[in-house]
Amino acid sequence: MNQLTRETSQDALRNYFAGVITLSRSNNPFPVDLDDVWPLLYTTKNQAVRELKNKRKEGFDYVV
């Protein structure tokens, strides 16, 4: 998949997250790839990683 950005169309976002929902229902514990979604909310990947590490638990909420 191409990297998502703030300029990604609503249809592309809807399709991506519909896929995430399908994966989450298939018992995949980590259905979202940070590389795909960090540009939606952050200006740099480092900001996203820092917030993930500060607010979530490794191995439970994410894997490296």
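The values are calculated or read from the model by the stated rules, or taken from the named source; none is laboratory data. Model, not experiment: these values are computed from the prediction. Note that we place each Cβ from the backbone using ideal geometry, even for glycine, and neighbour counts take in every protein chain shown. Quick note on the areas: whole protein, heavy atoms, side chains included, nothing else; ligands and nucleic acids left out. Shrake-Rupley method; radii C 1.70, N 1.55, O 1.52, S 1.80 Å.
Restricting the first member to the stretch 11-25 and to residues that are free of Cβ contacts under 8 Å to residues at least 40 places away in the same chain, and the second to residues that are among the aliphatic types (A, V, I, L, M), the beta-carbon pairs closer than 6 Å and six or more apart or on different chains are V20/V32. For the stretch 1-42, enumerate the residues that are of a type in the set (D, E) and closer than 26 Å to K53 by Cβ. If the condition is that a residue be of a type in the set (D, E) and closer than 26 Å to K53 by Cβ, then D33, D35, D36 are the ones that fit. For L41, the conditions (1) open to solvent by 70 Å² or more (accessible area, probe 1.4 Å); (2) over 11 Å from the mean Cα position of the chain (by Cα) all hold with the exception of (2). Among the conditions (1) open to solvent by less than 60 Å² (accessible area, probe 1.4 Å); (2) at pLDDT 85 or above; (3) acidic (D, E), the only one that E58 does not satisfy is (1).
When the stretch 1-10 is filtered for residues that are without any contact (Cβ under 8 Å) to a residue 24 or more places away in the chain and open to solvent by 90 Å² or more (accessible area, probe 1.4 Å), the ones remaining, listed by number, are N2, E7, Q10.
Please go through the stretch 30-47 and pick out each residue that is in contact (Cβ under 8 Å) with a residue 24 or more places away in the chain and of a type outside the set (V, I, T). The answer is F30, L34, D35, D36, P39, L40.
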